[in-house]
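First the structure, in the form of structure tokens, and then the observations on it.
The values are calculated or read from the model by the stated rules, or taken from the named source; none is laboratory data. Just so you know, these numbers come straight off a predicted model, no measurement behind them. FYI the Cβ positions are ideal-geometry reconstructions off the backbone, even for glycines, and counts take in every protein chain you see.
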Amino acid sequence: MNQVDLFSPFTLGEHGKHNTVLNNRIVMAPMTRSRTTQPGDVPNDMMAKYYAQRATAGLIITEGSPVSAVARGYSLTPGIYTQAHIDGWKKTTDAVHKAGGKIFIQLWHVGRRSHSIIAGEQPVAASAVKVADKVYGPLPEGGFGMIETEAPRAMSLEDIAQTQADFVQAAKNAIEAGFDGVEIHGAHGYLFDTFMRQASNQRTDQYGGNIENRMRFMLETLQAVADAIGGEKVAVRVSPHVLEGDKTPDTEIKPLMIAALAKMMPMNLAYVHFSENISEFEPVTDEFRQQVRSVYSNPIMVAGKLTQHSAQALLNKGYADLVAFGTPYVSNPDLVERFKQNWPLAEFDADARLTLYGGGEAGYTDYPAYQAS
């Protein structure tokens, strides 16, 4: 066993031109909060305050940031495809860096998990396969809430090429905005995930059919972004154990992921981020984690209802180098210090859920740090 402490430093990008030294191995996971300034879905001062409050995390990963208008599937989410987005995000990166933190932006294309009323056009996906699903969007009676998604159209080869170009440009925009790196969202039934799964990918071209073809879109995009900004500044999030779409386990998704990881090794990415134990899911076995480590020795991050104890166990076993926490960071801006001092956590309760999406400071920047008696 490795005796690696949660609070020990970690360096991303040791094989690249630039490295990023993290103060600890505790990561703030990406969480959609829908607090942008309208029109234009522009990151604002309130968001900068929110992230800066949590800058004691070794690394912050922002909420998903759409790389284009059609990539958007949730209202009020911050983009990274206009100059206004770049300028808005600079407020956040400046605030986090001033507070001593490091921050990656999550680059997002939701694929079929959208509606034309949000994206401005029919959603796109690997294939024209609709499943029952809801996203945060405008309600007919006014305001925002959960709305049913719209049937997608299958992406053409031109669409795929354009999307890859969008990710490359978004990554360049992110570096201009001051981010330390980018995380490409390849999980949770969003665009890249639907290409990798059998039920949602019914294509007969070079992006469909066998495992090699179904992982091609994600791998090509990762390589293109790595070529543009450096692999040490690029990461990817995946979720092979989370059931999406028709909720039927995909018999090939785990072998596909192992094969994809082997192809990612030469890219020397900042990390691969496994999202687990959310929505409907299969438990992750030690056998799978050992398979991962047998083909992938570069940094691995794990997220998914972790506790301080279970996170430390993953580090000790060598299954992860970094551990990410989502909802605990909603109500505990000082999570690292609470862990370090064994202080109690403020619960993520029913009231917190009501203010998760949309709104203002309430339930967003008004959670206090722990006051020791």
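Worth a mention:
- The lone criterion from (1) under 19 Å from Ile300 (Cα atoms); (2) modelled with pLDDT under 95 left unmet by Phe10 is number (2).
- Region 111-139: number of residues that are within 19 Å of the chain's Cα centre (by Cα) and not in a loop (DSSP other than H, G, I, E, B): 4
- Residues being hydrophobic (A, V, I, L, M, F, W, C) and buried (at least 19 other Cβ atoms within 10 Å of the Cβ) are entirely absent from region 350-358.
- Some residue of region 185-193 being crowded, with 22+ Cβ neighbours inside 10 Å, farther than 22 Å from Val302 by Cβ and either over 17 Å from the mean Cα position of the chain (by Cα) or among the aliphatic types (A, V, I, L, M) (or both): yes
- Members of region 83-110 found to be under 25 Å from Pro152 (Cα atoms) and of a type in the set (S, T, N, Q), listed by number: Gln106
- Note on region 1-105: enclosed strands (runs of 3 or more DSSP E) holding 3 or more residues that are among the hydrophobic types (A, V, I, L, M, F, W, C) are 26-28, 59-66.
- Meets criteria (touching a residue at least 12 places away in the same chain (Cβ under 8 Å), of a type outside the set (S, T, N, Q) and in contact with a strand residue (DSSP E or B) (Cβ under 9 Å, 6 or more places away or on another chain)) for Gly101: yes
- Restricting region 194-213 to residues that are farther than 17 Å from Pro249 by Cα and charged (D, E, K, R) leaves a set whose member that is surrounded by the most Cβ atoms within 10 Å (Cβ to Cβ) is Arg203.
- Evaluation of Ala362 against (1) free of Cβ contacts under 8 Å to residues at least 24 places away in the same chain; (2) in a helix (DSSP H, G or I) (one fails), failing number: (2)
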